[in-house]
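*Asks:* Pasting a structure below so you can have a look.
Read-outs throughout are calculated quantities, based only on the coordinates presented, and are distinct from any laboratory measurement. This structure is a prediction, so every number in the text was calculated from the model and none was measured. Note: ideal-geometry Cβ built from the backbone for every residue, glycine included; neighbour counts use all protein chains shown.
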Amino acid sequence: MAGGVVVSAAGGKTYPGRMTAFVFFTCLVASSGGLIFGYDIGISGGVTSMDSFLKQFFPSVYAQAEASKDANQYCKFNSQLLTLFTSSLYLAALATSFVAASVTRVFGRKWSMFCGGITFLVGSALNGAATDVLMLILGRILLGIGVGFANQSVPLYLSEMAPAKLRGMLNIGFQLMTTIGILAANLINYATVGIEGGWGWRVGLGLAGVPALVITIGALALPDTPNSLIARGYNDDAKAVLVKIRGTDDVHDEYDDMVAASEEAAAVAHPWRNILERKYRPQLTVAVLIPMFQQLTGINVIMFYAPVLFLTIGFGDDASLMSAVITGLVNMFATIVSIVSVDRLGRRALFLQGGTQMFISQIVVGTLIALQFGTAGVGEMSRSNAMLLVLFICLYVAGFAWSWGPLGWLVPSEVFSLEIRSAGQSIAVCVNMTLTFIIGQAFLSMLCTFKFGLFYFFAGWMFVMTAFIALFLPETKGVAIEEMHLVWSQHWFWGKYVNGDGDGSRHGGGNRRMNG
Ligand code: BGC
């Protein structure tokens, strides 16, 4: 029965199978969930820097920005209401991720994706047609519910469908779509800012319906993952899907392991309580710290506020959106670097290299801004310094795009065993969204208070997280998802949590199956 099973370098198994066109297309469609996430990240920054939008919805911010044109550069756009427009979405997404955990577990991954698409569709209609701030914020909340469902289910779906040796690549499809969404939004911002009559922002907000349609229809057409089908008692369907996605009939061993994992998972009645057990401490730590660190890189300062930031630095209206397009392109192309290298070089190498590059870039950006604006925040940046600044912002974005960006979603989605996978992913989404909310909400006032020091603040975090990876994150490339517990039990630090007091039949079970 063990057929083509071999033991991988990490000590787990590798199952027979190859990349099939079927798995490629299902993953491509599911990844489009990233489009809705990315589109929003990109659109709000552009829209909130459009005069016509500010005049209609946030007249006091507009007046303040006009009045302080020549005054303190750091404090121009500081308004809690304006940042609430951007960040309310993340508040809704974090609350939704818990509901999504149950939908994903009980009804399957695909229905969570569908719920995400459809709520997002309604939200984009509401936003495009908004006549007051209330409609705007309500629309943003619906978009947030959509993102909560999609970000909970899509990364899990991809990690479960992919063969272990290509899991990194296929999972990063989600991040690639996120970056495409951001870029599309940046381009649309650029194209609509000059529309006569000042209703360009309506086009930008309303067009969010397009990616929403893609994922809504796509979700209906997708099969569910074998793990989810087995967990819900559709064993024959699961086997049929597995044969199709692996491109071989020799799937017995992988199937048997999935059934065994599912039986153990079924015995767990309270995933939320279980996840707190000592033996899951390493996974829980990763589910909390990786998304938290991902946001503490400060990436969304660039993603949300690049247009505002570039305005602050002294670029004109168009130039600022154009710069956002440049960072959008870098973000997308650099993600491809990650796609092709993540299953070869591994997660750790990308984290360590990308983290170091981001650390250096943050320091340079902070220093350039300090030299130009000092603490008083007055002055204009010279052309050459502004160019240098854009260059280092691009290096920073590139570093993020092949490390913390994709891996911030990949790693939490692959480290959990089935019984706590859905709950674990919700925690990851919730932490990510909470931090996105906090940073989105606080950035403009932090810039106003910390000034250029804000960039050193994020650089400090870069140092901490890179050290964390070096010491505490085991390599997970190529390890079958049902065998992941082995990387924890072999780790110098986490081993004692996982192996201690003979607590987990799951772990014994895993070894038994591996040796047998
Ligand atoms: C992060 C987002 C970020 C985006 C940028 C994602 O992985 O979760 O917060 O805006 O990457 O590409």
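*Asks:* With an 8 Å Cα cut-off and a minimum separation of 6 or more residues, compute the relative contact order for the stretch 130-272 in percent. Show your work: numbers first, answer last.
*Replies:* On the way: 63 pairs, mean separation 22.6, N = 143.
Once normalised by length, the contact order is 16 percent.
*Asks:* Calculate the spin-label point distance for GLU475 paired with THR449, positioning each point 7 Å from the Cα along the beta-carbon direction, and give it in nanometres.
*Replies:* About 4.3 nm, to one decimal.
*Asks:* Now, a different point. What is the Cα centroid distance between the stretch 77-104 and the stretch 254-274, reported in whole angstrom?
*Replies:* Computed from Cα coordinates, the inter-centre distance equals 31 Å.
*Asks:* Now for a different question. Relative to the Cα centre, what is the charge dipole magnitude of the stretch 437-506, using +1 at the beta carbon of each Lys and Arg, -1 at the beta carbon of each Asp and Glu, and rounding to the nearest 20 debye? Numbers along the way, then the final one.
*Replies:* Working: 4 positive and 5 negative charges, 74 e Å.
Here the size comes out at about 360 debye.
*Asks:* With the crude spin-label approximation of a point 7 Å out along Cα→Cβ, what separation in nm comes out for ASP236 versus MET387?
*Replies:* Output for this residue pair reads 6.9 nm.
*Asks:* What list of ³J(HN,Hα) values in whole Hz, one per residue of the stretch 229-243 in order, does the Karplus curve 6.51 cos²θ - 1.76 cosθ + 1.60 (θ = phi - 60°) give from phi, with Gly and Pro shown as x?
*Replies:* Working through the residues one at a time gives 5, 5, 4, 9, x, 9, 5, 5, 4, 4, 5, 4, 5, 4, 4 Hz.
*Asks:* Okay, next question. With r defined as the distance between the Cβ atoms of PHE493 and ASP249 and R0 fixed at 41 Å, what FRET efficiency is calculated, to the nearest 0.05?
*Replies:* Numbers: r = 41 Å, r/R0 = 1.01.
It comes to 0.50.
*Asks:* Continuing with the same structure: Taking H placed 1.01 Å from N in the peptide plane, check which residues at least 5 places from LYS13 or on another chain put their amide H under 5 Å from its amide H.
*Replies:* SER8, ALA480
*Asks:* Let me ask you something else. What is the local net charge at ALA238, summed over the other residues whose Cβ is closer than 10 Å to its Cβ (Lys, Arg +1; Asp, Glu -1)?
*Replies:* -1
*Asks:* On to the next question. In percent, what relative contact order does the chain have, based on Cα pairs under 8 Å that are 6 or more apart in sequence?
*Replies:* Working: 923 pairs, mean separation 133.0, N = 516.
RCO, the chain: 26 percent.
*Asks:* Just grab the label-to-label distance for LEU345 and ALA129, each label 7 Å out from Cα along the Cβ direction, in nm (one decimal).
*Replies:* 4.8
*Asks:* Now a separate question. Sorted from largest down, what three extents in whole angstroms do the Cα atoms of the stretch 269-383 have along their principal axes?
*Replies:* Answer, in whole Å and largest first: 60, 34, 24 Å.
*Asks:* How many times 2.2 N^0.38 Å is the alpha carbon radius of gyration of the stretch 225-281?
*Replies:* Values: Rg = 13.4 Å, N = 57, 2.2 N^0.38 = 10.2 Å.
This ratio for the stretch 225-281 stands at 1.31.
*Asks:* If you average the C-alpha positions of the stretch 105-127 and of the stretch 209-231 separately, how far apart do those two centres end up, in angstrom?
*Replies:* Their Cα centres are 10 Å away from one another.
*Asks:* By how many degrees, between 0 and 90 and to the nearest 10, does the Cα long axis of helix 252-266 differ from the longest principal axis of the chain?
*Replies:* The answer is roughly 70 degrees.
*Asks:* Calculate how steeply helix 80-106 sits against the longest principal axis of the alpha-carbon atoms of the chain, using the helix alpha-carbon long axis, and give the answer as 0 to 90 degrees to the nearest 10.
*Replies:* For 80-106 against the chain, the angle is about 10 degrees.
*Asks:* Roughly speaking, what is the stretch gain from PHE463 to ARG273, that is 0.36 nm per residue apart minus the C-alpha to C-alpha distance, in nm to one decimal? It would help to have the intermediate numbers written out before the result.
*Replies:* Values: separation 190, 0.36 × 190 = 68.40 nm, distance 3.28 nm.
Working it through step by step, the gained length comes to 65.1 nm.
*Asks:* Moving to a separate point now. Measure nothing but the geometry: give the 0 to 90° angle between the long axis through the Cα atoms of 109-128 and the longest principal axis through the Cα atoms of the chain, rounded to 10°.
*Replies:* The answer is roughly 10 degrees.
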